[in-house]
Amino acid sequence: MNASRLTPPLLSALLVLHTAATVRAEEVSAPDDPFHLGLAVFGEGVARRAGLEAELTYALLPAIDVGLGAALGQYRGGFLLGSMEFTRAMVRPFLEVRGVGYLVPEGSVLGGGVGVGLRGPALGGRAKAIVAGAAYAAPRGYNQFAAFLMLGYEFGFGSALFGFNRTPRPVAAPTVARPAAPPEEPPAAETVAASVSTVPIDVRPASPAPGDGTLRGQVTDLNDHPLVAVLHLSSSAKTLGRDLPASPGFEARLGPGTYAVEVVANGYLARGGTLEIRAGETLVHDFQLRPVPATAEAELTAQSIHILHPIHFAFNESRILSDSFGLLDQVADILVRKQEIQVRIEGNTDDVGGTAYNQRLSENRAHSVLEYLVERGVARHRLTSIGYGKSRPLEPNTSDAARARNRRVEFIVR
């Protein structure tokens, strides 16, 4: 194309289908933050032009993205593109295929091209570089071929804004987050009709004082079915003389202070938490319990809490993926029921990437697990986290399978 032939073109608003069959690390089973915004500068060697590209993509599935794209500069238009990555390494080569459309005074320019490039982590996002060639069907006088060099940066965003955040809310929040993974069906005997009323229970040994506060809420399974449960309440200031039943609702007058709570129901993993009761105020707090799995994936030994499966994180990130929520809930259940033990959470990586990078990644992942357990009701003072980077492999990093085993989080009983 001849840049001198182009007058200011019409502004193009194009919907782009951005299909990416992405072979990421084996620890990725679902997109964690599905939105990515990519910005790239390009130089084109045939028509001697330069410009800027922007694309907004959404990971509809782990291997499929959809989004919007536009090219700005001497040529303006939109593009369709698909890319496929070929390695699990930190720096990943990829193949890109794109279709391009421009509007020009003489009509339209349509074409497509193929490029190869590299993509890798940078500043919390992904840097990329690509070399591409393209061929066009264009009005007479426009160049039919192009050769591009592009340098760009992509970053993920939008999970919290658009409701795709898969990290559960803290236990101190009024309600409890619902993990994306489908729960097992709860035992029918443990459910009651949703119409069961909340019966106020006074757990103080004497008449409520004017300065008391109120605790109110309900206990449900992951599908919001009400459960018959019991709340065990304790306080550093005093020991309560009775537990608080929930069928499914509960309500109690309590003296001001901080209370530790353990919520148990037959056939469900226990939940814990810390509640702050204030004089003259009502605290509404709901609890959501996960069914006990048919096969236990976590067990307490003398030295550790042994887990049968690895904890999955987003690629090169410390965010825990939703398919590991059930496993971590089992770890939390052990810790809630065994108040006397303390645990050190240890993070380890494989040998892909630099020493400093892996050290930081292992520390962040161990800390993410600690925060998850705190959100599920484990007291923070019982947990510590540490990262060892790639310094303590279980076996030589000579294969993908070995690297997968070396990427791990361990729970050491102290």
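For SER391, what residues show an amide H to amide H distance below 5 Å, using hydrogens built from the backbone and excluding near sequence neighbours?
Counting only residues 5 or more places away or on other chains, the set is THR349.
When VAL331, VAL109 are ordered from fewest to most other Cβ atoms inside 10 Å of their Cβ, what list results? Display every interim value, and only then the final one.
Numbers: VAL331 26, VAL109 21.
Fewest-to-most ranking of VAL331, VAL109: VAL109, VAL331.
No value in this document is a laboratory result; all are computed from the given coordinates. On a predicted model such as this, the values are computed, not experimentally measured, just so you know. Positions of Cβ are generated from backbone atoms using ideal geometry, with glycine treated the same way; all protein chains shown enter the neighbour counts.
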